[in-house]
Every structure is written in C-alpha cells, then in structure tokens.
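Reviewing the structure listed below.
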Amino acid sequence: MSTEDSPSEETARPSLSRRGLFGLAAGVGAAGLALGAGAGSAIGVAVGRERAEQEGAASVHPFFGTHQAGITTPMQDHLHFAAFDMMAGSSRDDLQSLLKDWSYAAARMTQGLDVSASGAVGGSPEAPPDDTGEALGLPASGLTITFGLGSTLFSTDSGDDRYGLARLRPAGLAKLPAFLGDDLDPSVSGGDLCIQACADDPQVAVHAIRNLSRIAFGRARLRWSQLGFGKTSKTTAAQATPRNLFGFKDGTANILADDTKALADHVWVAEDDAPAWLAGGSYLVARKVAMLIETWDRVRLSEQQRIIGRDKAQGAPLSGGVETTAPDFGTTDAAGAPAIDRASHVRLAHPDLNNGIRILRRGYNYVDGNTDLGRLDAGLFFLSYQRSPDQFVTLQRALSTDLMNEYVRHIASGIWAVPRGAGDGSYVGAELFA
C-alpha cells in the first residue's frame with residue numbers, strides 16, 4: 001500500500017507500504033522486500049484464499065465489517081494492549097500509510113496468517129523476515145485487533161494540528177477529568193494511537209502487537225503496553241460470568257452482543273452524532289486499577305460481600321435471588337438496614353441510580369510480578385466501550401464513595417475514539433482522509 005495509491009488502486013493492489021516494509025526490516029537494507037507491480041487481489045480475497053489452506057484455524061473472527069472486531073466479539077482469555085505515539089516530524093502521509101499497513105497486517109493475522117505473503121520464512125535469507133515467526137503453526141485462536149485514535153492525534157496538548165485533523169476531532173475526545181483516588185503515572189497513560197489485541201492464546205496476542213510495533217518503525221513508537229489474562233466480563237450469554245482477582249463474579253449485567261438495542265443506545269456512535277466519520281464506532285476507555293490484594297485477603301467474607309453487594313459464591317445480589325436477579329435496593333435485613341449497602345459497588349454503579357447509563361466492559365486481570373514491598377503487583381485492566389465519554393465519567397464520579405475504593409488505586413488511564421470497521425480491502429480510519 002503505497003501512500004500515493006488512490007482508493008481504487010488500494011483495493012486492487014493491497015500490500016505493506018514501503019515504510020511498513022522498512023519497519024519490518026528494522027532499519028536493515030530492504031533487499032528482497034521490493035513491492036511487486038501485481039501484488040494480488042483485494043485483501044479480503046487473498047486472506048480468504050490463504051485461510052482455506054490453513055489447518056487448525058478455528059475461532060476465526062473477520063477483520064472487515066460494520067464495526068471493528070474486539071468489541072462485541074465473544075471475550076477471549078488473553079489481552080495485549082499497546083499505546084503508541086507518532087514520531088516527531090512524521091507527516092499526514094505517514095499516519096495514513098501506517099493505518100493502511102496496520103489494517104493489512106491485522107486482516108492477515110486475525111485469520112491465522114503471517115503479516116505478509118513472504119511471512120516468517122518465505123523471504124530472502126539475506127534480509128530480516130517480514131514476520132517474527134513465534135506464531136508459526138498456531139491457529140488464529142480467536143484473535144481480534146482493534147484500533148483507537150487518541151485526542152493528541154487530532155491536536156497536541158499545546159494545540160498543534162500535526163496531521164490536519166483538528167477539525168475532525170470529536171468534541172468528547174479529551175483527556176479524562178481527575179477522579180477521586182487517581183494516582184496516575186503519565187508514562188503509562190494516554191497515547192496518539194492504541195491497539196487492543198485479544199486472543200485465546202497469549203502468544204498469538206503478543207505476536208500481533210510485536211509485529212504491528214515493527215511495522216510502525218519510523219512512524220510511531222510504542223509508548224506503553226499491558227498484558228492481561230482471565231477476562232473479567234462476558235459479552236455473550238453463552239459465556240459464564242468470570243471472576244476478578246478479588247474472587248467475585250464480574251460483569252454479570254454487561255451489555256451482550258445480541259442486545260442490539262442496548263448496543264445502539266449505549267455503545268455505537270449514531271449517524272446523527274458528531275462527527276459523522278465516527279458513526280458506527282465507539283469510545284474506548286482504559287484504566288489500570290491496582291488491587292491491594294494482601295489487604296483485601298484479610299477482610300472477613302461478610303465484609304467483602306457488603307463492599308461488593310453480591311454473594312461471593314454464586315454472585316447473587318444480597319437482596320436475594322440468583323446471579324441474574326435484578327438487585328432490589330429497597331430490601332432490608334432483619335435489623336432493618338438495607339440488604340445492599342448504600343455505598344456498595346453494585347448499587348453505586350447500577351443504571352437505576354445513574355439515569356440508565358450502561359457501558360460495555362471488556363476488562364482483564366493482570367499480574368506484573370511484585371512490588372518492592374514483596375506484594376503482588378496485580379489488579380484489573382479495565383476496558384470499556386461507550387457511545388459517549390460522558391457515560392464513563394458519570395459512572396466513575398458516582399463511584400467516588402464506593403466502599404471498594406479502600407482496596408484499589410487507579411494508576412493509568414487513557415481514552416481513544418474507535419472508528420467503525422473497515423470495508424473489505426480498505427483500512428481502519430479511512431474516513432479521516434476522504
């Protein structure tokens with residue numbers, strides 16, 4: 001995909017751009033990596049043909065579609081999330097070619113293929129391989145790759161319009177306000193771009209971020225990243241509700257993929273929302289929430305349940321019933337006190353107390369070793385999709401008196417606009433350059 005290609009040429013002749021190929025070579029000479037004049041048919045056709053030749057490519061999700069995969073897709077078991085900053089001096093063409101190259105590579109990797117036709121072993125032995133090769137022989141493993149655009153991509157904090165996109169910046173795409181209890185590390189927050197790679201095999205997810213980082217060489221650099229495991233929400237009714245590192249079921253009332261009305265109301269940006277290029281997309285919020293594991297583990301069971309507002313065994317609300325029973329905040333115990341504490345997490349986050357606001361959650365557990373004090377460096381890597389950033393802000397402010405705040409610290413944060421899905425043979429974010 002040369003940056004000079006027209007849309008029609010792009011569809012007819014997809015491949016990595018020259019910059020993408022130089023990125024794969026990591027600055028080494030490009031011998032054996034020259035672009036051919038007839039690089040094949042449309043991406044979707046090429047991917048489909050090669051995918052049919054793959055064995056064991058179960059759990060394959062399409063890259064192209066109305067919405068980007070990785071939002072309502074059934075939640076996978078592993079995550080590799082990465083945020084990037086564009087390089088100083090990079091141009092509008094650099095950004096456009098990067099989004100093309102990333103989309104091309106993602107369309108292949110999500111089908112269980114290498115990042116290019118030459119792949120890990122099919123190119124010149126005198127040049128670095130196009131693909132790093134650690135996923136050779138592995139199926140797609142449900143891999144989804146989702147791209148997001150940060151506010152600083154449209155204009156920097158100092159107001160610089162580096163890529164001529166300032167007029168297209170969504171009004172709601174701005175740095176999140178400070179919340180009570182925030183202890184954010186700027187080095188692991190924000191970013192011009194983000195990539196969410198989810199898969200049922202951690203090596204497949206890591207392979208995706210590793211190769212997309214190589215492709216970005218010379219145009220963007222990795223700012224920060226996070227590995228996650230053990231999903232903390234479900235996105236389909238067939239999935240069991242998972243547990244977080246506090247041992248409680250998490251995401252019982254999450255928006256599900258088949259709830260089209262809830263998705264339209266709370267997740268997808270509508271045609272009449274501004275700006276028009278984001279219609280069919282969403283907003284992604286990421287928050288790294290450190291859990292004070294050792295302190296929590298010393299809390300008696302009854303107090304843990306009071307803090308959460310649910311039974312630890314089955315996940316039922318303390319007002320009674322089963323896990324899926326709606327909480328009844330008017331129910332009282334034998335002493336006449338509310339069965340569900342007024343400051344419990346379940347009550348403060350519930351739509352009934354927040355003007356009906358809902359979000360779609362896709363969080364993961366994380367463990368990053370241990371701290372200098374010998375405690376687990378662990379917690380929740382919270383990810384949520386919503387139609388407007390105001391939904392998240394409202395809910396987070398509602399949780400300011402949450403009893404659980406004593407046991408968690410918010411240490412990283414970011415928000416990105418997530419464009420609609422790419423059409424077959426196109427690329428994510430194409431509408432920005434129309």
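Some values worked out for this structure:
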read-out: Within the range 143-234: Cβ-based charge dipole about Cα centre, in debye rounded to nearest 20 (Lys, Arg +1; Asp, Glu -1); value: 320 debye
read-out: Inter-site label distance for Asp352 and Ala276 at 7 Å from Cα along Cβ, in nm; value: 4.2 nm
read-out: Over the chain, equivalent-ellipsoid semi-axes from the Cα gyration tensor in Å; value: 40, 22, 20
read-out: Residue-wise HN-Hα coupling along the range 327-337, computed from phi with Karplus coefficients 6.51, -1.76, 1.60 (Hz; x: Gly, Pro); value: x, 10, 6, x, 5, 10, 8, 4, 8, x, 7
read-out: Packing rank of 279-290, 110-121, 360-371, where each peptide gets the mean count of other beta carbons within 10 Å, highest leading; value: 279-290, 110-121, 360-371
read-out: Point-to-point label distance, Ala88-Glu406, nm (Cα→Cβ direction, 7 Å offset); value: 4.8 nm
read-out: R0 of 35 Å, Cβ-Cβ distance Thr66-Glu323: FRET efficiency to nearest 0.05; value: 0.65
read-out: Among 178-191, 307-320, the order from most to least packed when residues are scored by Cβ within 10 Å on average; value: 307-320, 178-191
read-out: Given charges at beta-carbon only (K, R positive; D, E negative), |dipole| of the range 71-189 in Debye; value: 520 debye
read-out: Listed residues His345, Phe147, Gln96: farthest to the positive end of the dipole of the chain (Cβ charges); value: His345
read-out: Other-chain or far-sequence residues with amide H under 5 Å of Val418's (modelled H); value: Leu149, Ser282, Tyr283, Leu284
read-out: Most to least packed among 80-86, 414-420 [average Cβ atoms within 10 Å]; value: 414-420, 80-86
read-out: Fluctuation leader among Thr332, Thr73, Thr152 - the chain, Gaussian network, Cα springs under 10 angstrom; value: Thr332
read-out: Check: the range 228-313 dipole with +1 on Lys, Arg Cβ and -1 on Asp, Glu Cβ, in debye; value: 620 debye
read-out: Label zone at Ser187, where the point sits 7 Å out along the Cα-to-Cβ direction: the range 207-230 residues whose backbone N lies under 19 Å; value: 221-227
read-out: 14 Å cut-off, amide nitrogen to a point 7 angstrom out along Ser155 Cα→Cβ, residues in the range 365-400; value: none
read-out: Hz values of 3J(HN,Hα) by residue in the range 365-372 - Karplus curve (6.51, -1.76, 1.60), Gly and Pro given as x; value: 6, 9, 9, 10, x, 9, 7, 5
read-out: Gyration tensor (alpha-carbon) shape descriptor, the range 360-430, a/c threshold 1.5; value: oblate
read-out: FRET E, pair Leu138, Asp368, Förster distance 22 Å, beta-carbon r, rounded to 0.05; value: 0.35
read-out: Tensor-based shape of the range 233-349 (alpha-carbon gyration tensor, a/c under 1.5 rounded, otherwise prolate or oblate); value: prolate
read-out: The range 107-238, relative contact order [Cα under 8 Å, separation at least 6], %; value: 25 percent
read-out: GNM top mover of Asp250, Asp160, Asp341 - the chain, alpha-carbon springs below 10 Å; value: Asp160
read-out: Cα-based helix-to-principal-axis angle, 389-398 vs the chain, degrees rounded to 10; value: 30 degrees
read-out: For the chain, built as a Gaussian network whose Cα springs stay under 10 Å, the top-fluctuating residue of Asp272, Asp424, Asp94; value: Asp272
read-out: Cα-based convex hull, the range 83-171, per residue volume (Å³, whole number); value: 130 Å³
read-out: Euclidean distance of C-alpha centroids, the range 291-342 and the range 212-234, integer Å; value: 36 Å
read-out: Value of relative contact order over the chain, rounded to a whole percent, pairs C-alpha under 8 Å and six or more apart; value: 23 percent
read-out: Average Cα contact separation per residue, the range 328-434, under 8 Å, 6 or more apart, as relative contact order %; value: 20 percent
read-out: Principal-axis tilt of helix 43-53 within the chain, Cα atoms, nearest 10 degrees; value: 80 degrees
read-out: Karplus-derived HN-Hα couplings along the range 96-102 (A = 6.51, B = -1.76, C = 1.60, θ = phi - 60°), whole Hz, x at Gly and Pro; value: 4, 5, 5, 5, 5, 5, 4
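No lab work stands behind these numbers, since they all come straight from the coordinates. Owing to the predicted nature of the structure, the values given are computational and were not obtained by experimental measurement. Note that we place each Cβ from the backbone using ideal geometry, even for glycine, and neighbour counts take in every protein chain shown.
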